[in-house]
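Structure first, then comments.
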């Protein structure tokens, strides 16, 4: 059980900080197997073995993050309600509006429509049928779970008092943006920063990490579908 925030001391915060650092390392490192598959000409057997490691790695990382949330967060995961789903759909409209506006701004200033992170995903999708299947699977189903448990369920639930709103939204949005940055494009950073803030708002409004997972899932599902359609049309 998590402690009352009034009884948390420096050692408790240090422990939570180390757990958070470990979770962020997991978020980043789970992508290593697919990077190896895409960048090296390996045998089919090795590729399938690394694919298994990739999926198992995501599963294990998500389970560790879930246990961390159960242990430290002030908000325990609970079943989704109709209101959660209503907020999810409303927030996705905000996602879409932000992405459209910032995409056009990116084109006007930097002459590129896609973020560097999305370009990497596109590169992996087009590399081979195997990397496409792996990216679609983890991008839609695994990443939303792992990232929301880390940046919302644990970060906000374990470090901020229940009455706080603005600061956890800003901090979570900021820390969520950094692992998605593959270049120094400020528009790309702003895109993920605002997305992280919206996800944080949904999490805090509903006090349920499954609500922000649902929003993240919906966004990635539509984004991945659009990316695959674009790639297929280009071929």
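The values are calculated or read from the model by the stated rules, or taken from the named source; none is laboratory data. Here the structure is a predicted model, which is why all the values come from computation and not from measurement. Neighbour counts run over all protein chains shown; Cβ positions are idealised from the backbone, glycine included.
Tabulated results
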item: When residues of the range 109-141 are limited to those that are over 16 Å from the mean Cα position of the chain (by Cα) and outside any helix (DSSP H, G or I), the one nearest to residue 50 (Cα to Cα); result: 128
item: Members of the range 36-47 found to be part of a helix (DSSP H, G or I) and in contact with a helix residue (DSSP H, G or I) (Cβ under 8 Å, 6 or more places away or on another chain), listed by number; result: 36, 37, 38, 47
item: Criterion violated by residue 70 - all others in (1) out of contact with any helix residue (DSSP H, G or I) (no Cβ under 7 Å at 6 or more places or on another chain); (2) over 13 Å from residue 157 (Cβ atoms) satisfied; result: (2)
item: Which listed residue, of 124, 105, 134, is touching a helix residue (DSSP H, G or I) at 6+ places or on another chain (Cβ under 9 Å), surrounded by fewer than 16 Cβ atoms within 10 Å (Cβ to Cβ) and either in contact (Cβ under 8 Å) with a residue 60 or more places away in the chain or under 14 Å from residue 220 (Cα atoms) (or both); result: 105
item: Some residue of the range 53-66 being closer than 22 Å to residue 157 by Cα, at pLDDT 95 or above, surrounded by fewer than 19 Cβ atoms within 10 Å (Cβ to Cβ) and out of contact with any helix residue (DSSP H, G or I) (no Cβ under 9 Å at 6 or more places or on another chain); result: yes
item: Single residue of the range 176-213 satisfying the filter (part of a loop (DSSP other than H, G, I, E, B) and touching a residue at least 60 places away in the same chain (Cβ under 8 Å)) that is nearest to the chain's Cα centre (by Cα); result: 181
